[in-house]
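Chemist: Can you read through this structure? Questions will come right after.
The values are calculated or read from the model by the stated rules, or taken from the named source; none is laboratory data. Bear in mind the structure is a predicted one, so any value in this text is a computation, not a measurement. SASA here: full protein model, heavy atoms, side chains in, ligands and nucleic acids out. Shrake-Rupley method; radii C 1.70, N 1.55, O 1.52, S 1.80 Å.
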Amino acid sequence: MRVRILIAFTTMLMLTASLPARALTLAGATCSIGGAEIEVSFESGDLAIARGTVFDWVAESATAVTEYYGTFPVRRLHVVIVPLDHGKGVVFGRTTVPGPAPLIRVMLGREIVNEDLRADWIMTHEMVHLAFPSVPEKHHWIEEGIATYVEPIARAQIGDLVAAKIWRDMVDGMPHGLPAEGDRGLDNTHTWGRTYWGGALFCLLADVEIHRRTHDRFGLQDALRAIAKSGNILSDWPLTRALKVGDDAVGVPVLMELYNKMKDTPVDPNLAQLWQRLGVKLAGDSVAFDANAPDASIVTSIMKPRENRPSASPWRSTKQ
């Protein structure tokens, strides 16, 4: 999370400018998880790690998304791994809909190591994009905001991240989403900060308010599950339709109220006061949680897994 999104995006632009098209190799595999068939293929090139490790990383990311949404958002997904000739780590990912099944392309540096995959956020981020209907371009902030906000929570719900790490990243990152001078609201201010972190800030505020009004019975997770059940990335919806579906699911009109407030007006929610009420306090390079804070229970409820961890089927070889 944090500034890494911008760094990854900038790196991608430099790399893809001269990246040639490559034929897929024969080494692919398919896995079933959360009601979906996920096929993974590799473009030509070498990686410093075993391909089986890559398959496990894809499955772990899909498990996190399935845990958060209750089921995997689409029935079929094709993941293409693009080995780069240099560099290391997970460099960039992009989700598109070229046909009946969505496609996620992720670039990996040649010298990638196992730890890079264990620490990665990009694959889960891209998979979260599958769970929300496609909306007009001016609402791109909601798509990136949900992916930025949900990704670490989903990973925490399967034990891949700890709560202190997530909330420290939020404390560091959310200020990037605040309106600057000349801001005209989320629908009209398309900077990096407002698109990714402004959208994530919308999600955080909505999550907290839904929990508050429903006394922790429901949260944003329940609203997003309802939206994903009705429509996903394969559906073209107006944003208001998606928000109303989410509001109906939790019984309070928080999403529409917040959208009407933030869509064309700069809103500063007073983050210092928000962290204080939630009981999130800076503690060195981490955070501490104050169980006696007025809204401390909301933090616990947001992070709590909703179901037993889903399991993936064994990977099955496929031919391209």
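Chemist: If I compute solvent accessible area with a 1.4 Å probe over the protein chains, what percent of it on region 36-112 is carbon and sulfur?
Modeler: That share works out to 50 percent.
Chemist: Given springs between every Cα pair under 10 Å in a Gaussian network model of the chain, which of Pro179, Pro152, Pro238 has the largest fluctuation?
Modeler: Between Pro179, Pro152, Pro238, it is Pro238 that shows the largest mean-square fluctuation.
Chemist: Summarise the accessible area of region 138-215 (1.4 Å probe, protein heavy atoms) by the percent that is carbon and sulfur.
Modeler: Carbon with sulfur: 52 percent of the solvent-accessible area.
Chemist: How much of Thr300 can a 1.4 Å solvent probe reach, expressed as accessible area in Å² and rounded to 10?
Modeler: 100
Chemist: Which percent of Cα-Cα pairs in the chain sits in each 10 Å bin, short to long?
Modeler: 6, 27, 35, 23, 8, 1
Chemist: A further question on this structure: I need the Debye-formula profile for region 144-275: one equal scatterer per C-alpha, no solvent, reported as log10 I(q)/I(0) at q = 0.11, 0.14 1/Å, two decimals.
Modeler: Log10 of I(q)/I(0), two decimals: -0.38, -0.63.
Chemist: Return the Rg/Rh value of region 24-106, two decimal places, where both radii are evaluated on C-alpha atoms and Rh is the Kirkwood radius.
Modeler: Ratio of gyration radius to Kirkwood radius for region 24-106: 0.96.
Chemist: Percent antiparallel among DSSP beta bridges with both residues in the chain, to the nearest 5?
Modeler: 60
Chemist: How much accessible area does His86 have with a 1.4 Å probe, in Å² rounded to the nearest 10?
Modeler: 110
Chemist: Please list, in chain and number order, the residues 5+ apart from Asp290 or on another chain whose amide H is under 5 Å from its amide H, with Hs placed from the backbone.
Modeler: Placed amide hydrogens put Val280, Lys281 under 5 Å from Asp290.
Chemist: Report the relative contact order of region 102-257, percent, no decimals, based on alpha-carbon pairs under 8 angstrom and at least 6 residues apart.
Modeler: Relative contact order of region 102-257: 28 percent.
Chemist: With the other protein chains left in place, how much accessible area per residue, in square angstrom, belongs to the chain at a 1.4 angstrom probe?
Modeler: Per residue, the chain has an accessible area of 43 Å².
Chemist: Continuing with this model, one more query. Among the complete DSSP H segments of the chain, which ones combine at least 18 Å of alpha-carbon extent along their axis with a mean Kyte-Doolittle hydropathy of 0.0 or more?
Modeler: On the way: long enough: 51-69 (27 Å, -0.05); 140-157 (26 Å, -0.19); 199-213 (21 Å, 0.63).
Span-like helices in the chain: 199-213.
Chemist: Before rounding to the nearest 500, sum -39500 (n - 2.57) across all DSSP H runs of length at least 4 in the chain and divide by the residue total; then give [θ] at 222 nm in deg cm²/dmol. Don't skip to the answer; put the middle values down first.
Modeler: On the way: 12 runs with 137 residues, N = 320.
Counting only the DSSP helices, I get -13000 deg cm²/dmol.
Chemist: Which order do Ser297, Ser134, Ser317 take when ranked by solvent-accessible area (1.4 Å probe, heavy atoms of all protein chains), largest first?
Modeler: Ser317, Ser297, Ser134
Chemist: Here is a further query. Enumerate lysine pairs in the chain that are 8 or more residues apart or on different chains, then count those whose Cα atoms are under 23 Å apart.
Modeler: For the chain, the number of qualifying lysine pairs is 10.
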